[in-house]
Amino acid sequence: MKMQLETGDVPLISAYGPGLLAVDGTDYRSNILLTATRVIEDWFSGELDTLTLSHFAAVLDPPAAEERAEILLLGTGAEHRFAPMRLAAELGREGIALEVMHTRAACRTYSVLVNEARPVAAALLQIGE
């Protein structure tokens with residue numbers, strides 16, 4: 001799937017497919033975390049149920065306050081899987097809404113929210129891709 005949007009300096013997902021995520025034309029074959037200003041490669045490599053708040057430090061404490069996300073999309077790979085309930089509660093206490101979906105849907109949703117200038121970040125897993 002190819003995508004194309006014009007949104008300034010926000011990293012944009014330019015393609016997604018089995019085992020591949022492309023952001024601004026650069027291919028990534030590992031799990032990535034997208035923030036308002038950067039792509040963090042290999043940010044997580046464990047099982048989904050081992051995700052903790054500390055894995056999202058780049059979202060919780062960005063370089064500039066105006067870059068802080070209010071929505072965090074978690075793409076869980078080829079299939080929708082549930083994240084640990086404690087994670088949604090912990091992020092909620094930090095003022096960040098967690099939305100969990102399969103990675104293809106997370107890529108589409110991220111692109112729509114970025115185009116609407118919404119404060120969003122995306123944690124994209126390639127499990128089962």
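Just so you know, all these numbers are worked out from the coordinates, no wet-lab data involved. These numbers come from a predicted model, not from an experiment. Don't worry about glycine lacking a Cβ; one is built from the backbone with ideal geometry, like all the others, and counts go over all protein chains shown.
Overall shape: oblate for segment 75-129, with the ratio a/c of the largest to smallest alpha carbon gyration tensor axis at 1.5 or above and b/c at least equal to a/b. Charge tally for Leu73 (other residues, Cβ to Cβ under 12 Å; Lys, Arg +1; Asp, Glu -1): +1. Extension gain, Glu67-Thr50: 0.36 nm per intervening residue step, less the Cα-Cα distance, totals 3.5 nm. Only alpha carbons enter this Debye calculation for segment 21-83, each as an equal point scatterer, and the log10 of I(q)/I(0) it gives at q = 0.13, 0.22, 0.24 Å⁻¹ is -0.38, -1.07, -1.23. Packing here is the average count of other Cβ atoms within 10 Å per residue, and on that basis the peptides 39-46, 69-76, 9-16, highest first, run 69-76, 9-16, 39-46.
Using the crude model of +1 on Lys and Arg Cβ and -1 on Asp and Glu Cβ, and no other charge, please compute the dipole size for the chain relative to its Cα centre, in debye to 20. Please list the in-between numbers first.
Numbers: 10 positive and 18 negative charges, 57 e Å.
In debye, rounded to 20, the chain gives about 280.
Expressed to the nearest 5 percent, the antiparallel share of DSSP beta bridges inside the chain is 55 percent.
Among residues other than Pro84 with Cβ under 12 Å from its Cβ, the summed charge is -1 (Lys and Arg +1, Asp and Glu -1).
For the ranges 78-91, 22-35, what's the packing order if you count other beta-carbon atoms within 10 Å of each residue, average per peptide, and put the highest first?
On the way: 78-91: 14.6, 22-35: 17.1.
Result, highest mean first: 22-35, 78-91.
In the chain, taking the dipole from charged Cβ atoms about the Cα centre, the farthest positive-side position among Gly95, Thr76, Ala123 is held by Thr76.
Rounded to the nearest 500, what is the chain's calculated 222 nm mean residue ellipticity when only DSSP H runs of at least 4 contribute -39500 (n - 2.57) each, over all residues? Per the formula, -5500 deg cm²/dmol. Remark on the chain: ratio of C-alpha radius of gyration to 2.2 N^0.38 Å is 0.95.
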